[in-house]
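Just so it is clear, none of the values below were taken in a lab; they were calculated from the coordinates. Model, not experiment: these values are computed from the prediction. All Cβ positions, glycine included, derive from the backbone under ideal geometry; neighbour counts span all protein chains shown.
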Amino acid sequence: MKAREADLLMLPGLGGGTDNHWYRRWAERIGTATVVEQDEWWKPEPKSWCDRIMEHVERAERPIVFMAHSLGTLALAHVAPRLEGHDVRGAFIVAPPDLETRLKMVPDAGTFLPIPRDPLPFPSLMAASKTDPYCSLDAAGDLANAWGSLLVDAGDSGHLNADSGHGPWPEGLMTFTTFLSRL
């Protein structure tokens with residue numbers, strides 16, 4: 001599959017990310033990509049976030065591929081049961097947060113607990129870092145195993161966001177492109 005053959009729905013994390021974040025930069029350059037904007041980025045509610053994702057899913061004109069970062073990955077896991085009957089081809093999951101052990105770092109994200117642990121009903125690839133302050137690589141591996149995701153070790157990369165030096169993140173784009181080509 002090529003990017004032009006899919007509606008790429010980008011699911012940001014808490015705060016929505018800056019214009020320099022890799023998913024916002026990619027969305028500017030990929031014609032079929034859309035950032036799913038939320039009404040409330042700092043006081044997230046799973047139901048409203050999932051409803052907004054579903055609005056975009058219902059409007060999709062092509063097969064859907066998700067790109068999710070941080071809290072957006074948990075929103076994807078929460079909305080997954082509602083995606084039955086929709087043409088979702090896969091998900092590129094980046095830097096999921098471990099709210100079960102690190103909730104004190106982002107207490108407003110606690111609304112997303114408990115974290116769904118059912119397998120995702122579509123192929124997925126998870127990129128996680130050894131030095132993510134919000135999630136250990138072991139915790140990410142455990143979540144990848146539960147969701148049926150292939151885990152890619154992104155090395156010493158922090159939270160894989162603009163603050164950790166991953167604005168354009170060309171290595172991530174190459175990984176995503178390879179994943180997409182296999183769908």
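General remarks:
- Longest DSSP-loop-exposure-free segment, trypsin sites (Lys or Arg not before Pro), the chain, at most 12 other Cβ within 10 Å: 3-116
- Residue order, fewest to most beta carbons within 10 Å, for TRP22, TRP41: TRP41, TRP22
- Footprinting exposure proxy ranking of HIS166, HIS56, fewest other C-beta atoms within 10 angstrom first, gives HIS56, HIS166.
- Packing-based exposure ordering (other Cβ within 10 Å, fewest first) of VAL88, VAL152, VAL94: VAL152, VAL88, VAL94
- Within a straight-line Cα-Cα reach of under 27 Å, LYS104 can be paired with the following lysines, leaving aside sequence neighbours fewer than 8 residues apart in one chain: LYS43, LYS47, LYS130.
- Estimated vicinal HN-Hα couplings, Hz - region 45-54 in sequence order (Karplus 6.51, -1.76, 1.60; Gly, Pro = x): 10, x, 4, 5, 5, 5, 4, 5, 4, 5
- Region 114-183: C-alpha gyration tensor shape, a/c 1.5 cut-off, then a/b vs b/c: oblate
- Whole-angstrom gap from region 72-149 to region 27-50, using each part's C-alpha centre: 16 Å
- Reference-scaled alpha-carbon Rg (2.2 N^0.38 Å with N residues) for region 51-130: 1.12
- Positive-end extreme of charge dipole, region 37-183 - chosen from PRO170, THR131, LEU151 (charges on Cβ): LEU151
- Where the Cα pairs of region 1-63 fall when distances are cut into 10 Å bins, in %: 21, 49, 28, 2
- 29 Å tail of the calculated P(r), the chain, as % of Cα pairs: 10 percent
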